[in-house]
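What follows is a set of notes on a single structure, which appears directly below.
The values are calculated or read from the model by the stated rules, or taken from the named source; none is laboratory data. Predicted model only: the values in this text are computed from it and were never measured. Cβ placement follows ideal geometry from the backbone for every residue including glycine, while neighbour counts extend to all protein chains displayed. Accessible surface is based on the protein model in full, side chains and every heavy atom, while ligands, DNA and RNA are left aside. Shrake-Rupley method; radii C 1.70, N 1.55, O 1.52, S 1.80 Å.
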Amino acid sequence: MSAPPSQRASQTVPSTRTVTTERYDFFRVIQSYLDEAARHVNVPEHVRGILREPKNELIVHFPVRMDNGEYRLFKGYRIQHSNILGPFKGGMRYHEHASLDDFKALAAMMTWKCALMNLPFGGGKGGIKFDPRGVSRDELGRITRRFFHALGSNIGPDYDVPAPDVGTNAQTMAWALDTYLNTVGMVHKTAASGVVTGKPVASGGTVGRETATGQGVVHCISEWARRTRFKLEGKKLIVQGFGNVGSNTAVILAALGVSLVAVGDHTGYLYNPEGFNVHRLKQYVAQNGSIAGYANGQKITREEFFAVQADIFVPAALENQIGATEAEALQVSLVAEGANGPCSPEGEAVLARRGIELLPDVLANAGGVTVSYYEWVQNKRSETWALEEVEERLEKAMLDAYDRMSQFAKTHNCGNRIACYGVALQRLVQVYVEREIFP
Ligand code: NAD
């Protein structure tokens, strides 16, 4: 085994840094990207004002009977940022640190993402502030059902279409769908099946959705590699977050000869210079809920993880994970944002100064919402598409969006993130100018 990363680290990250306990004004950061993009696009002041704020902010409180017979009150959110391009669209997150501010930021990002991808959707996001690992499966089902019942007709296949995010999955969407069909959508059951995406395939989901976000990340990395003449085979990868996005990205990259040498999740970090068997690790996490206790890796600290010598870093956990210190520590050529908002503006500035390239979240992780759109279309048309069709369409959609980003960045001499916001903004502004403001 080669020297552990701690002995090679050029920079260390203070181990006390747990981002979730620091105050990070995520929504303001997302607003600042809009302001920066607006310098490159002719945006009427009133349109910028509209897009800076969510259209609707919904907060619900609902009681749930727990397994011990006691009742617990939960707080749920649904932020509907924009529906000028189509129904609000975005995930539902279950996390103990979730906040209104985070959901506002994440909902706005969905508006930019859907506009960039040319999807007929707006942006939304929501969820519940609690730790889903701290309740039983039965409790999780009841919490989900009461939450979606409380949302009632504030969601709907042509109005607001939730999907999985951190702490939720296809099973969560199955409970959500069933609740909606048994209450609001009782009569028009077929038409109502598109109320959520990311459902299990048998319940009306689409093949290819489970892996779509990771696949989209890999399309972006491959396209970046092609354009920069960077040979992927034999390269090393580090991934933070080994849930849906992180694990699928690692598995798909492994097939291209890229090996995962360090990985982390909410329980800690592991290092294996020979490369992890990602299929086995994914299976282990599916059975055990985390990477904790996985035998084929050496435990390292968070600061050691960020200093591991590799080629590509895919953050796939939470926002605000790469601050200035982490960005100074990273020993990679490329950061591809699987997570939403993983780089703080300070972190991004350091990456730019150090010449580390960045593929921004609104493009890199847009494969998820793109295939969610395919699921929604199949539900609307009562169709079932083959995997090849989903995959072919996704690849084209990702490469076309990559090209729009690159063209904008070149024309306006700006970074990739602002280019993505710029492309999205052009589309949104055009619609506002054509339709004007009601009445
Ligand atoms: P998930 O719940 O499946 O996995 C989240 C992972 O992050 C887990 O491995 C968890 O242990 C880890 N994690 C949580 N807190 C952490 C911490 N403090 N430090 C290190 N690791 C931590 O969630 P997911 O669906 O894979 O989503 C991950 C990110 O990708 C989020 O930012 C989400 O918004 C974004 N995203 C997800 C999708 C999707 O289709 N699921 C689509 C686009 C973007």
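What to note about this one:
- Residue that is touching a helix residue (DSSP H, G or I) at 6+ places or on another chain (Cβ under 9 Å), crowded, with 24+ Cβ neighbours inside 10 Å and assigned to a strand (DSSP E or B), where the choices are Val239, Val245: Val239
- Where a residue in the range 86-97 is within 21 Å of Ala170 (Cβ to Cβ) and open to solvent by less than 20 Å² (accessible area, probe 1.4 Å) and its partner, wherever it lies, is polar (S, T, N, Q) and in a strand (DSSP E or B), with Cβ under 6 Å and at least six apart: Phe88/Gln80
- Set Lys299, Lys282: member being within 15 Å of the ligand (Cβ to nearest atom), of a type in the set (Lys, Arg), open to solvent by 20 Å² or more (accessible area, probe 1.4 Å) and assigned to a helix (DSSP H, G or I): Lys282
- Some residue of the range 330-345 being more than 25 Å from Thr228 (Cβ to Cβ), of a type outside the set (Gly, Ala, Ser) and outside any strand (DSSP E or B): no
- Selection within the range 323-341 - farther than 18 Å from Lys236 by Cβ and within 13 Å of the ligand (Cβ to nearest atom): Glu337, Ala339, Asn340, Gly341
- Restricting the range 306-322 to residues that are small (Gly, Ala, Ser) and more than 12 Å from the ligand (Cβ to nearest atom), the residue that is surrounded by the fewest Cβ atoms within 10 Å (Cβ to Cβ): Ala310
The rows are residues; the columns are (1) free of Cβ contacts under 8 Å to residues at least 24 places away in the same chain; (2) within 23 Å of Val47 (Cα to Cα).
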| site | (1), (2) |
| --- | --- |
| Glu391 | no, no |
| Glu395 | no, no |
| Met398 | no, no |
| Gln407 | yes, no |
| Asn413 | yes, no |
| Val423 | no, yes |
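- Evaluating Val166 against the criteria (1) within 19 Å of Phe74 (Cα to Cα); (2) in contact (Cβ under 8 Å) with a residue 40 or more places away in the chain; (3) part of a helix (DSSP H, G or I) leaves one unmet condition, (3).
- Looking only at residues in the range 355-414 that are within 16 Å of the ligand (Cβ to nearest atom) and among the charged types (D, E, K, R), the one that is surrounded by the most Cβ atoms within 10 Å (Cβ to Cβ) is Glu375.
- Residue count for the range 323-340 satisfying the condition of being open to solvent by less than 30 Å² (accessible area, probe 1.4 Å) and either of a type in the set (D, E, K, R) or within 22 Å of Leu253 (Cα to Cα) (or both): 10.
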